[in-house]
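Below: the structure, in structure tokens.
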Amino acid sequence: MKKKTIIILISVLIFAVLIFAAGYFLYKNKNKNILTLYGNIEIRQSDLSFRVPGRLSALYVEEGDFVKEGALLAELDSDTYITALNKAKADLKRQRAEKLKQTAIFNYNNPLCADFTVSKEECSNIKETMNASIASYEYALAALEKSIIDLDDTKLYAPYDGTILSRVREKGTILNTSDIVYSISMIKPVWIRAYIDEKNLGNIKLGQKAFVYTDARPKTPYTAHIGFVSPVAEFTPKTVETTSLRTDLVYRLRIIVDNVDPYLRQGMPVTVKVHL
């Protein structure tokens, strides 16, 4: 009975060893077909400012707020720009009247110029005056269009769907053109900057699928694809996580995330696995 029990135990042990060996072999081969890379999340962002100077009168969003494209973010005092617009309208009206007057004078005298009833010099002066009035009218028209644009530029709108990263100014600040008011990051696209060594360069191609793992989602990856492979070799930057690659020549990759969500943040370290 004891002998039979020992034989059964030995058989079970051998079976377990075989199962373990087979599993290890499959795991090892599986890992050979997976290229693991390390990188950081990158998201495009913009610094927003007014195209005209003025006093900041209102801000409507805070840091961390999500905004839709075209949403009103901030405003400048518009009194001076409304006044300039009204002045441009009045000036255009005056120049239009002058243009019509000089055009009528020219049309009246033009037949007289043809038969030399009016002197050549006077005809030339009449024509030049008419042309000057037309030029002044066109200049006034352009000034009116600029006044309309300047008034519209006292309002700052979101250029795309995004998240406000920072609110730089406060109400009452006197701003010059290009003074930053908000910094905003895009929702899409989101990509990973990673690096690959030369020996693995031949294993990847544009459009190849990849899986992105974060510390917050170690078991549920994001799907992604290879969007860019740099044609130029460079020394491995210090931000690369693996110490064995720090002195090697590598190529920069851009791995674009397909299923973006709000949990992917600028600079976040990630692990990328590419199935070869």
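The values are calculated or read from the model by the stated rules, or taken from the named source; none is laboratory data. Just so it is clear, the model here is predicted, and its values are computed rather than measured. Methodologically, a virtual Cβ is constructed for each residue, glycine included, from the backbone with ideal geometry; neighbour enumeration extends over all protein chains shown. Keep in mind that these areas ignore ligands, DNA and RNA; they rest on the heavy atoms of the full protein, side chains included. Shrake-Rupley method; radii C 1.70, N 1.55, O 1.52, S 1.80 Å.
Checking each residue in the stretch 220-241 for being in a loop (DSSP other than H, G, I, E, B) and either at pLDDT 80 or above or more than 13 Å from residue 272 (Cα to Cα) (or both) picks out 220, 221, 236, 237, 238, 239.
Take the conditions assigned to a strand (DSSP E or B), among the hydrophobic types (A, V, I, L, M, F, W, C) and within 30 Å of residue 77 (Cβ to Cβ) and apply them to residue 151. Does it pass? The answer is no for residue 151. Restricting the stretch 97-125 to residues that are over 55 Å from the mean Cα position of the chain (by Cα) and of a type in the set (Val, Ile, Thr) leaves a set whose member that is surrounded by the most Cβ atoms within 10 Å (Cβ to Cβ) is 118.
Just to be sure before I move on: is residue 127 assigned to a helix (DSSP H, G or I) and at pLDDT 90 or above in the structure I sent? Against the criterion (assigned to a helix (DSSP H, G or I) and at pLDDT 90 or above), residue 127 does not qualify. State yes or no: is residue 212 within 17 Å of residue 254 (Cβ to Cβ), within 24 Å of the chain's Cα centre (by Cα), at pLDDT 90 or above and open to solvent by less than 40 Å² (accessible area, probe 1.4 Å)? Spelling it out, residue 212 is indeed within 17 Å of residue 254 (Cβ to Cβ), within 24 Å of the chain's Cα centre (by Cα), at pLDDT 90 or above and open to solvent by less than 40 Å² (accessible area, probe 1.4 Å).
Entry remark, the stretch 190-209: residues being open to solvent by less than 80 Å² (accessible area, probe 1.4 Å), among the aliphatic types (A, V, I, L, M) and out of contact with any Gly (no Cβ under 6 Å at 6 or more places or on another chain) number 4 in total.
Please verify whether residue 179 is surrounded by 15 or more Cβ atoms within 10 Å (Cβ to Cβ), at pLDDT 90 or above and touching a helix residue (DSSP H, G or I) at 6+ places or on another chain (Cβ under 8 Å), treating the condition exactly as stated. No. Considering (1) under 48 Å from the mean Cα position of the chain (by Cα); (2) among the small types (Gly, Ala, Ser); (3) more than 25 Å from residue 52 (Cβ to Cβ), the lone condition that residue 142 does not fulfil carries the number (3).
So, in the stretch 48-83, how many residues would count as being buried (at least 17 other Cβ atoms within 10 Å of the Cβ) and hydrophobic (A, V, I, L, M, F, W, C)?
10
Residues that are over 30 Å from residue 228 (Cα atoms) and part of a loop (DSSP other than H, G, I, E, B) within the stretch 154-191 comprise 154, 168, 169, 170, 171, 172, 173, 176, 177, 178, 179, listed in sequence order. Contact map, the stretch 57-77: first residue in contact (Cβ under 8 Å) with a residue 12 or more places away in the chain and more than 20 Å from residue 262 (Cβ to Cβ), second residue of a type in the set (A, V, I, L, M) and open to solvent by 50 Å² or more (accessible area, probe 1.4 Å), Cβ cut-off under 7 Å, separation 6 or more or different chains; pairs are 60/72. Residue 42 passes every criterion in (1) at pLDDT 95 or above; (2) of a type in the set (Asp, Glu); (3) over 17 Å from residue 182 (Cβ atoms) apart from (1). Every condition in (1) under 30 Å from residue 255 (Cα atoms); (2) open to solvent by 40 Å² or more (accessible area, probe 1.4 Å) is met by residue 151 except one, and the failing one is (1).
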